[in-house]
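To start, the structure itself, in structure tokens.
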Amino acid sequence: MTDLSILENLNEEQRRAVVDTEGALLVLAGAGSGKTRVLTTRVAYLVKNMNVDPYNILAITFTNKAAGEMKQRVANMLGESCEVWISTFHSMCAQILFRECERIGYGKNFSIYAEAECARVLKRIMKSPSDADNEKNAKLFDTYYGHIKRIKSFNHDPKEYAEACIGESKIKKETLRLFDLYQAELKNNNAMDFDDLLINTVKLFDENPDVLERYQRRFRYIHVDEFQDTNKIQYRLVRQLAKGYGNIFVVGDEDQSIYGWRGAEISNILDFKKDFPDAKVYKLEQNYRSTAHILNAANRVIANNKKRFDKVLKTTKEGGKRVEVFNAYNDREEVDYVMRNINDLVTLAGYNYGDIAILMRANSLSRQFEEALTLYNMPYRVYGGIRFYERKEIKELLCYLRIAINPFDNESAARIINVPRRGIGDATVQKLIECAGANGTHLFDVVKNIENVDGLNAGTKQKIAGFRNLWLSLIDAAGKSDAVAFSEYVLKASGLFDMYKADEAEPDRVENLKEFVSAVNLFRKDNPGKTIEDFLRMVALISDADEIDDSNSVTLATIHAVKGLEFPVVFIVALEENIFPSSHAVIESDDNIEEERRLMYVAITRAKERLYVSSSRCRFRFNQRQNNLRSRFVQELIGNVPAKTPQTPQSEQKSTFKPAYTGAAAAKPASPAANAVDVSEYTVGRKVEHSKFGTGVIVSVSGSGNETIAGIEFENLGIKKFVVALAAKNMRLL
DNA sequence: TCCTTACTAATTTTT
DNA sequence: TTAGTAAGGA
Ligand SMILES: Nc1ncnc2c1ncn2[C@@H]1O[C@H](COP(=O)(O)OP(=O)(O)OP(=O)(O)O)[C@@H](O)[C@H]1O
């Protein structure tokens, strides 16, 4: 008898999609209807009930984190570790190319360039003196870079794109010229950007039928999650692989397509039915995530889009709290509104900080919330913005590691040749690069034979010779030692460690470098047999969303970063025209507004139990006051139903919250607890014991009365700032 | 030639 | 608030 227990957690329509295992299938369903759950269960079902070898299954997710979680879930269902290939498109391509890159003319250990590196490559090209006769003022960098990136991510033919999309003929010509130079430079560096990973994999398969056949034979069952956000090349890759067995299962929701600006094509969904004429379409109509109020709000908003299929999405959770709408007088009042509600949710309604997310359109909007959360001593994490592996000191260490593994990587070498300072300045580096270009070799060759290079004085040559010896020793070490020993060696030998250790103004940097080595250590423990090359590949593909963990902290993130996630409580903030929808979308076209609206739909549908949407009539941005209208999406969300717009926010019981910014707006008698604190006791040098952070010493005091803020330095934790009046209950003076 | 200092300009979303 | 550049001093 077959064990059907893994189907127990599914409804009837979900179950049908899971057990229909052969051929092409498309699951088209709204947010929170269990698409990901269906896909995950299907993978487990194939292994457990259909006796499919896990080796023959592929599942594509949108983020590495989603891949990790899916692996975990499948393993739980199977009761054994999951051997299925589950990863993002980019990660899959990187792994395939890593093995097969010689077939398309790349060397082993090619580097993977993120946005910042790509931009540096183009900047360097545009700056090179041999290019001086051409028009290339700095203002146009964004234009050219934008065009080049768009050509690649939309998989356009460069010439056709230039003809169709660039008006000015000078720019048209220059874009094409720079495009070729950019491509050649990446190739010369033995490097690929993110788009190259996809493009080159398709190319590999096109040009090498034997390789393609091998992968086709391997992937008998192919799955793609978040199909609405795949781009043309990714879809092409899917078709190539699915040609083998034709078992292709994709799930998506056109209402949640939010990466159109990066080349994602909703039309892939329509094309799927054309490309796989026998494809069966399944619909899921039960939403298991959100309460009725939240789901209705989402449905009302998205109904304003014209380009969509009408679909049904019914709630399974009747009732719940109504959506709260708040229009603040200014941004500070908005921040206070959010803080007050978080405080009440945690102190009165039994929520944890980890249940709460503050979602926004752009990273730059997060700062005031960060400051307030710090002020009130509420734990939080910000996702988006600079990632760990994007920090300056970490990037520099990564460059050293890369040049040891891939000595052709001019870009990385140029970045760190003078870090720490070695007296090899920009002018010299420019000369070296030109010399390499003229001889058709690499920076590495020029540095290696520096004695034979003309046009440099003896002192400079000597400095470069010193760097050469370092570089050679790094290469030598890469071949000999294991990942951990190697990265430790590079950190010390490069001089980075000493340099940042001596930098007292920024003590974090040396700590970050140590943390990097620990990360390598952990990686090797978790993945026995993997090398530093694997680690670098993994690091290059890490995304914001991957770093989201379940520590008990408020999540501060862009909506893009929380795609696919869910939170009991969601705040959507800064809902103003020109912010959300963004000014670009407002100016441009209806299509752009529709994508913004889909983003709003995604934001709303992240909420399980409570949703708060807020805006502010006036906001300080770009160093000036801005008056903004409330976002059209708020009105769409409210619809005809009169929503609650509380003047003074209401909560379950009596709020304990004391706003720091807008005392007048929510004037309440100061709470006795706050009054009871004698702030004058908190003086620099006093020792305190904090219930969470342990003992520390007060190192700064500012403000007065209830606004008094104390900076307290804790062992191993650094300095944290507290509003004494609020935090005193968690502290004891020693 | 290199490095520090001071100023200016610019800020959508990111695998 | 920061990243990138221009100018002036060593
Ligand atoms: N049959 C079911 N019974 C109970 N809960 C379910 C069922 N199916 C899904 N869920 C729950 O509903 C929530 C949403 O599921 P899931 O993330 O798979 O939906 P989704 O369609 O992929 O969402 P999104 O469109 O936002 O990516 C999850 O918490 C999941 O555990």
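Observations on the structure shown:
- Output for region A:185-202, where each listed residue is under 28 Å from the mean Cα position of the chain (by Cα) and in a helix (DSSP H, G or I): A:185, A:186, A:187, A:194, A:195, A:196, A:197, A:198, A:199, A:200, A:201, A:202
- Of the criteria (1) in a helix (DSSP H, G or I); (2) touching a residue at least 24 places away in the same chain (Cβ under 8 Å), which one residue A:367 fails: (2)
- Of the listed requirements (1) out of contact with any Lys or Arg (no Cβ under 8 Å at 6 or more places or on another chain); (2) assigned to a loop (DSSP other than H, G, I, E, B), residue A:60 misses just one: (2).
- Qualifying residue in region A:581-597 (condition: closer than 18 Å to residue A:366 by Cβ and in a strand (DSSP E or B)): yes
- Residues in region A:259-270 that are within 17 Å of the chain's Cα centre (by Cα) and either more than 16 Å from the ligand (Cβ to nearest atom) or modelled with pLDDT of 95 or more (or both): A:260, A:261, A:262, A:263.
- Residue A:453 vs. criteria touching a strand residue (DSSP E or B) at 6+ places or on another chain (Cβ under 6 Å) and farther than 29 Å from residue A:192 by Cα: no
- Residues of region A:1-43 satisfying the condition of being free of Cβ contacts under 8 Å to residues at least 40 places away in the same chain, near the ligand (Cβ under 9 Å from one of its atoms) and among the hydrophobic types (A, V, I, L, M, F, W, C): A:10
- Across region A:511-557, the qualifying residues are those that are among the β-branched types (Val, Ile, Thr) and within 16 Å of the ligand (Cβ to nearest atom), and the one among them that is surrounded by the most Cβ atoms within 10 Å (Cβ to Cβ) is A:555.
- Search result, residues across region A:127-166 that are closer than 25 Å to residue A:114 by Cβ, at pLDDT below 70 and of a type outside the set (Gly, Ala, Ser): A:131, A:136, A:139
- Subset tally (residues that are within 30 Å of the chain's Cα centre (by Cα) and assigned to a loop (DSSP other than H, G, I, E, B)) for region A:296-325: 10
- Among the candidates A:81, A:87, A:33, residue that is modelled with pLDDT under 90 and either surrounded by fewer than 23 Cβ atoms within 10 Å (Cβ to Cβ) or closer than 20 Å to residue A:227 by Cα (or both): A:81
- Residue within region A:319-330 that is among the hydroxyl-bearing types (Ser, Thr, Tyr) and surrounded by 17 or more Cβ atoms within 10 Å (Cβ to Cβ) present: no
- Neighbours by Cβ (under 8 Å, 6+ apart or cross-chain): first from region A:106-124, over 17 Å from residue A:144 (Cα atoms); second among the β-branched types (Val, Ile, Thr) and away from the ligand (no atom under 16 Å from the Cβ): A:109/A:405; A:113/A:121
The values are calculated or read from the model by the stated rules, or taken from the named source; none is laboratory data. Predicted model only: the values in this text are computed from it and were never measured. Cβ coordinates were reconstructed from backbone atoms using ideal geometry, including for glycine residues, and neighbour counts include every protein chain displayed.
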